[in-house]
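Only one structure is covered here, and it is reproduced in the block below.
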Amino acid sequence: MAYAANKKSKYVYTIEDIPLVPLTETSSTRFVAADGALLSFIQNPPGAVFPMHSHDAVQILIILEGSEEHVCGDEKFTMTAGDVCIHPSGMVHGGTTTTGFKGIDVFIPPREDYLELMAKHGLPTKPNE
């Protein structure tokens with residue numbers, strides 16, 4: 001784990017120490033890979049649009065701060081801090097935020113395209129690398 005020289009354990013991460021990786025023109029995230037899952041600490045500024053997309057991984061989105069007008073399949077709803085959305089594998093989803101938001105995405109299994117993005121930015125793609 002090359003992010004923080006002051007860590008007490010190779011098993012502990014401080015979110016702010018994890019490098020920020022761009023996902024879109026406006027969205028960015030901090031990735032942590034685990035054996036069977038990938039965590040993404042996503043940040044979308046006010047006005048950000050995350051385009052409609054789908055992937056093979058199950059995605060669990062947890063909104064920590066702010067809100068998002070979210071679409072999952074044929075449903076559109078507002079997610080606010082404390083809300084959790086489960087995106088089944090292959091489900092089309094995306095969203096727009098007027099307030100901006102911070103959240104956690106959990107991908108099971110890890111998304112291959114995100115593992116490639118991590119490697120491109122010099123981030124470890126396996127725990128404790």
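Values in this text are rule-based calculations from the coordinates and carry no lab data. Here the structure is a predicted model, which is why all the values come from computation and not from measurement. Virtual Cβ from ideal backbone geometry, glycine too; neighbours counted across all protein chains shown.
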Inset, instruction - Would you mention how many residues in the range 63-83 are surrounded by fewer than 16 Cβ atoms within 10 Å (Cβ to Cβ) and out of contact with any Phe, Trp or Tyr (no Cβ under 9 Å at 6 or more places or on another chain)? - result: 7
Inset, instruction - Could you please give the count of residues in the range 88-106 that are surrounded by 12 or more Cβ atoms within 10 Å (Cβ to Cβ), touching an Asp or Glu at 6+ places or on another chain (Cβ under 9 Å) and without any contact (Cβ under 8 Å) to a residue 40 or more places away in the chain? - result: 1
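Out of the range 32-56, which residues are of a type in the set (A, V, I, L, M, F, W, C), more than 19 Å from SER67 (Cα to Cα) and either outside any loop (DSSP other than H, G, I, E, B) or more than 13 Å from the chain's Cα centre (by Cα) (or both)? Walk me through how you get there before you give the answer.
The first filter runs over the range 32-56 and keeps only residues of a type in the set (A, V, I, L, M, F, W, C), leaving 32-34, 37-39, 41-42, 48-50, 52.
Narrowing further to those that are more than 19 Å from SER67 (Cα to Cα): 32-34, 37-39.
Correct list: VAL32, ALA33, ALA34, LEU38, LEU39.
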Inset, instruction - Scan (1) surrounded by 19 or more Cβ atoms within 10 Å (Cβ to Cβ); (2) touching a Leu at 6+ places or on another chain (Cβ under 8 Å) for the single condition GLN59 breaks and write down its number. - result: (2)
